[in-house]
1. Being among the hydrophobic types (A, V, I, L, M, F, W, C), surrounded by fewer than 24 Cβ atoms within 10 Å (Cβ to Cβ) and either closer than 20 Å to B:W380 by Cβ or at pLDDT 95 or above (or both) narrows it down to one residue among B:A354, B:A358, B:A346; which is it?
2. As an exercise: evaluate B:Y181 against (1) within 30 Å of B:T315 (Cα to Cα); (2) open to solvent by less than 20 Å² (accessible area, probe 1.4 Å) and give the number of the one condition it does not meet.
3. Kindly indicate whether B:L425 is closer than 17 Å to B:V310 by Cβ and surrounded by fewer than 24 Cβ atoms within 10 Å (Cβ to Cβ).
4. Which condition breaks for A:L90 when tested against (1) touching a helix residue (DSSP H, G or I) at 6+ places or on another chain (Cβ under 7 Å); (2) of a type outside the set (S, T, N, Q); (3) more than 11 Å from chain B (Cβ to nearest Cβ); (4) assigned to a helix (DSSP H, G or I)?
5. With under 30 Å from B:T651 (Cα atoms), part of a helix (DSSP H, G or I) and in contact (Cβ under 8 Å) with a residue 40 or more places away in the chain as the only criterion, which of A:I37, A:I31 stands out?
6. With the condition kept exactly as written, say whether any residue in region B:497-520 is modelled with pLDDT under 50 and part of a loop (DSSP other than H, G, I, E, B).
7. Hey, B:K162 hits all of (1) within 28 Å of B:F119 (Cβ to Cβ); (2) surrounded by fewer than 18 Cβ atoms within 10 Å (Cβ to Cβ); (3) under 18 Å from the mean Cα position of the chain (by Cα) but one; which does it fall short on?
8. Of all residues being small (G, A, S) and in a helix (DSSP H, G or I) in region B:113-161, which is farthest from B:T230 (Cα to Cα)? Just the residue, please.
Amino acid sequence: MIPLGHYLVVSAVLFSIGTAGVFLRRNLITILLSIEIMLNAVNLSFVAFGRAQGNVDGQIITFFVMTVAAAEAAVGLAIVIGLFRHRESLNPDAFTLLKW
Amino acid sequence: MIALIPLFPLLGFAINASMGRRLPKTISGGLASLAMLASFAVSVLVVWQVAHLAPAQRVIEQTLYTWIASGDFNLDLTLRVDPLSSVMILVITGIGSLIHIYSTAYMHEEVDREFARYFSYLNLFAFFMLALVLGANFLVLFVGWEGVGLCSYLLIGFWFEKKTAADAGKKAFVVNRIGDYAFILGTLLIFVRFQTLDFQRIASAVAPLGVEGTFGTLSVATLLLVIGATGKSAQIPLYVWLPDAMEGPTPVSALIHAATMVTAGVYMIGRNAVLFSHAPKTMIIVATIGAVTALFAGTIGLVQNDIKRVLAYSTVSQLGYMFLAMGVGAFGAGIFHLYTHAFFKACLFLGSGAVIHALHGEQDIRNMGGLKAGLPITYWTFLLASLAIAGVPGLAGFFSKDEILFETFAYGHTILWTVGILTSLLTATYMFRLVFLTFHGERRHDAPAPQHPEEEETPAPSHHAPAHHSGHLHDAPAAMALALVLLAAGSVVAGYVGIPGALGGHNALGSWLAPSFSARGATTLADRAVGEVGEPEAGAAGAEAGSGTELSLMVVSSLVALAGIGIAAFIWLKRREIADKAATTFPGLYKLLLNKYYVDEVYDATVVQPIRIVSTEGLWQGIDVHVIDGAVNGTASIVDGSSSLLRRLQTGSVRAYAGSLLIGVVLILGYYLWR
């Protein structure tokens, strides 16, 4: 049986990769994908904790996160399409209208 | 029952104010007059009830509701009719009704809307004035006091499109404010001292006290009240608003600025007779103010050329007489003069209104003359009222003025008496100068008006139609004639309610009023001093010892009155050039009088301008602009400055925000993990 620590290490690595993707990539779609990776990293740790505790709470909350993530992806992609129609660009640095 | 008296005019005001603009003149004017007549009828009934009580218990009270209940302080909205207020309500509603009826004709040239506005103000005034005289405590009186001031302001400035009228209204209001401020202070001081504002309770609380020889609480409180009274009753130093108040419609001058409102100060002193008689220092000040004002205003009245201004100064002068009476402790005589003065002065004002009406707005007596034939009703009523005010024996003014002069003499104020007699001479002279210049001699109306640059009156107010052909004159229409005749009759007979003991009467009015000037159920030293006012037979100055003196004084003042008329007749009927010669011989004196002793200019230089300069330069440009606005603008620019630094944080770069979010989360989590 794989110990809990391994799962958590994989989860932390996935989360860091996601975070790095959010900060470093200049494409909005890639950033959205990175956010999905971060969410799934968290999901993984939930499930791992649930299994270590011997109950299903971790899996239940994971389903919630997946549902919300699906909705978020739908809304996020819609916004990205809307932005692209306005600016012909997916670079987040192009969208600075709210700046002083 | 008592509440109905002020309620009727209030109702009339409410109707005329809310829908008067849609009512035709006959209805709005008729409604207002009807309200006053109803109020008069109720007043008569109430006074009838009061008269049927025993003299000591002549009081009817009605508490409408408890106005203020705070801790152990209770203040009821109470109306009280006693002998003093019964005289006042009869004068107000009786003469008020006549003036309302007169106004329906006088104001007929106004459009419906203005006509209704006029009558709503007039009814509102009657309501407040009745509240003033019926109120049983200082606060109700004060409500009426301020209310009549407001109505006075509204009615002086009735033709507010005219700048002089608007300014005159403002002046009256501001000058009255000065007096009212002192009045409030006096009221508060009395409350602090006696813990009550009810007149009767104050009187009973004061009665057992000794007379205050020095300047103590009572003197200061009464003095503050007197300052309020000088504002309302147009006495030195606050009289300046009354002559300017003549910018209002003439019936208003008759009602508010001659017969009723300006007597409020005199009434207030009479109402607090017990309090005032315990403050002899104040009393002597009141008497002096009265005598000086009487003489001062009389001299100005002698040279004025505007018919209404002469009457205005005459009013100030007669109010001075009333103050003199109050000041020497002759409260009954003061109220007696108030009552007779209401008749003949209202008649004079209404008569002058009829003249102005007939001449289409002409107010300068130099352009009048010879109106006797054209305006017989006006002439005869005006003449009777002039005879009454001059103090010709047998008419109303004779009895009341003589009683004041006699009481002044009897209380030992010889100098004040001399001033009073001198004023009496002046009164007869200036009144008959007015009569002769207006009604006798040649018609000067067609002659071009003499241009006097120092005259600031504006003849022909805009509301009057431009002069028609002035060949034929219209005497007063029926409604105006009715009021004139009734008031003239009043000027003749009104005095007979107070025939002095020396002439075989028993001063019915004096003994009727006497209970109002003493504290109920308390006999003290001061009470006796007050008591002898109304009942000459009770006091040392009365009956046996006094009647000889009184008779000779009467002869003196009658002679003085006749002499005054004679002087006027000689100068302005026979030898008019004497007046002009006198004016050219003493140009300084003449100009001084014509310009009213430059009091307005002196006030302007010493009070108005300094306040204006301090306000503009100091309070406005200094404190308001720099301190107050500076603080507000300063706060704004501090926020602005710090914001312009802070807003640099908002870069608009989403990744920068996300980065700061991450750093924050890491820092907070790190803190809790490695704590």
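The values are calculated or read from the model by the stated rules, or taken from the named source; none is laboratory data. Model, not experiment: these values are computed from the prediction. Here the Cβ is made from the backbone with ideal geometry for all residues, glycine too, and neighbour counts use every protein chain on show. In case anyone asks, the SASA skips ligands and DNA or RNA and just uses the protein heavy atoms, side chains included. Shrake-Rupley method; radii C 1.70, N 1.55, O 1.52, S 1.80 Å.
1. Values: B:A354 fails: surrounded by fewer than 24 Cβ atoms within 10 Å (Cβ to Cβ); B:A346 fails: surrounded by fewer than 24 Cβ atoms within 10 Å (Cβ to Cβ).
Going through B:A354, B:A358, B:A346 in turn, the sole match is B:A358.
2. Failing condition for B:Y181: (2).
3. Details: closer than 17 Å to B:V310 by Cβ: yes; surrounded by fewer than 24 Cβ atoms within 10 Å (Cβ to Cβ): yes.
The answer is yes for B:L425.
4. So A:L90 meets the others, but not (4).
5. A:I31
6. no
7. In the conditions (1) within 28 Å of B:F119 (Cβ to Cβ); (2) surrounded by fewer than 18 Cβ atoms within 10 Å (Cβ to Cβ); (3) under 18 Å from the mean Cα position of the chain (by Cα), B:K162 misses (3) alone.
8. Taking region B:113-161 first, the residues small (G, A, S) are B:116, B:120, B:126, B:131, B:135-136, B:144, B:147, B:149, B:152, B:157.
Filter once more, so that each one left must be in a helix (DSSP H, G or I): B:116, B:120, B:126, B:131, B:144, B:147, B:149, B:152.
Values: B:A116: 32, B:S120: 27, B:A126: 21, B:A131: 20, B:G144: 16, B:G147: 17, B:G149: 13, B:S152: 16 Å.
Across region B:113-161, the extreme among qualifying residues is B:A116.
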